[in-house]
Amino acid sequence: TVKTLAMRRRHRAAAPMLVLLTLALIGVLYAAAGSATSAQASSDARGANAELIKQGQQLFAEGCSSCHGLGAQGGPEAPTLIGVGSAAVDFQVSTGRMPLAAPGAQAPQKPVIYNDEEIAALAAFVASLGPGPQIPTDEEINYQDANLAEGGELFRTNCSQCHNFTGEGGALSNGAYAPNLMNATPRQIYEAMLTGPENMPVFSNETLTPENKRAIIKYIQHMDEQPDYGGWGIGSLGPVTEGLFIWVIGIGLMIGAAVWIGARVR
């Protein structure tokens with residue numbers, strides 16, 4: 001038996017087989033360790049998410065439930081938040097539109113009262129109530145490689161009717177208005193397209209693809225960076241505003257000058 005084993009150890013296939021067995025054993029041990037680590041990480045993530053949701057529920061009860069209800073089911077003057085997703089919460093709260101000071105034709109943008117961690121907690125709580133659009137990732141809103149010309153065309157086709165060709169905003173009916181986009185962050189613009197706040201329609205990823213959204217964001221950022229070559233831009237609100245300025249100020253000055261000249265002649 002000893003002689004047989006010794007002969008097999010000297011066999012040409014013994015060394016490769018030993019290497020293969022060793023590698024297989026290492027692979028099994030590595031997979032087991034990785035599985036345990038992954039399970040632990042998943043457990044930690046669930047625990048962290050549960051803690052975030054709990055924190056968000058407390059913040060919601062304190063600052064939002066008076067209008068939206070403790071379960072976010074809505075009220076007489078506030079819509080249900082079940083199914084709106086974390087993107088809608090992040091947009092509304094990060095722009096200061098929520099919590100709402102008083103009911104009106106439209107929620108105005110105002111100073112933000114929650115910090116980033118609290119906004120994330122509120123968004124996690126509302127997202128836990130039902131599926132909805134999620135907060136876009138950094139990769140989704142990275143517009144550096146987007147097509148600027150395509151973004152301009154998409155903006156003029158889908159957005160300029162309300163927000164003006166330059167994104168400066170404009171008036172709508174019944175006291176509502178399309179806000180100025182120049183101070184909005186890329187994430188807020190993306191979330192607005194996803195969720196359709198106020199009078200804005202929803203532009204889902206089927207209507208405007210993520211590539212389309214990034215192109216539009218790039219166009220808006222480009223317009224924000226453009227100087228007013230003519231001097232005073234008057235808000236870039238178009239010919240109505242500029243014409244009104246010319247008639248009220250320009251013609252007014254000319255009439256004043258004519259009256260002054262007439263008085264001097266006498």
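The values are calculated or read from the model by the stated rules, or taken from the named source; none is laboratory data. Remember, predicted model here, so these are calculated numbers, not experimental data. Glycine gets a Cβ as well: all are built from the backbone with ideal geometry, and neighbour counts include every protein chain shown. All accessible areas refer to the heavy atoms of the entire protein, side chains included, with ligands and DNA or RNA removed. Shrake-Rupley method; radii C 1.70, N 1.55, O 1.52, S 1.80 Å.
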Scan the range 203-216 and tell me whether some residue there is modelled with pLDDT of 95 or more, more than 25 Å from VAL84 (Cβ to Cβ) and either among the β-branched types (Val, Ile, Thr) or open to solvent by less than 30 Å² (accessible area, probe 1.4 Å) (or both). yes
Please verify whether ASN142 is in contact (Cβ under 8 Å) with a residue 40 or more places away in the chain and open to solvent by 30 Å² or more (accessible area, probe 1.4 Å), treating the condition exactly as stated. yes
Taking the residues in the range 104-115 that are within 19 Å of ALA61 (Cα to Cα) and touching a residue at least 12 places away in the same chain (Cβ under 8 Å) as candidates, determine which candidate is surrounded by the most Cβ atoms within 10 Å (Cβ to Cβ). TYR114
Considering only residues that are open to solvent by less than 30 Å² (accessible area, probe 1.4 Å) and not hydroxyl-bearing (Ser, Thr, Tyr), which ones fall in the range 64-74? CYS64, HIS68, GLY69, ALA72, GLY74
State all residues of the range 183-192 that are over 8 Å from the mean Cα position of the chain (by Cα) and crowded, with 17+ Cβ neighbours inside 10 Å; if no residue qualifies, say none. ALA184
Of the conditions (1) open to solvent by less than 40 Å² (accessible area, probe 1.4 Å); (2) free of Cβ contacts under 8 Å to residues at least 24 places away in the same chain, the single one that ASN164 does not satisfy is (2)
Helices (runs of 4 or more DSSP H) wholly in the range 1-112 with at least 1 residues that are among the aromatic types (Phe, Trp, Tyr) and either within 30 Å of ASN199 (Cα to Cα) or modelled with pLDDT under 95 (or both) - which ones? 14-63, 85-94
Please pick out the residue among ALA120, ALA124, ALA171, ALA149 that is open to solvent by 30 Å² or more (accessible area, probe 1.4 Å) and closer than 21 Å to ILE53 by Cα. ALA120
Taking GLN134 as the residue in question, decide whether it is within 15 Å of the chain's Cα centre (by Cα), surrounded by fewer than 21 Cβ atoms within 10 Å (Cβ to Cβ), on the phi < 0 side of the Ramachandran plot and touching a residue at least 12 places away in the same chain (Cβ under 8 Å). yes
Would you check if there is a residue in the range 210-219 being in a loop (DSSP other than H, G, I, E, B), of a type in the set (S, T, N, Q) and in contact (Cβ under 8 Å) with a residue 40 or more places away in the chain? no
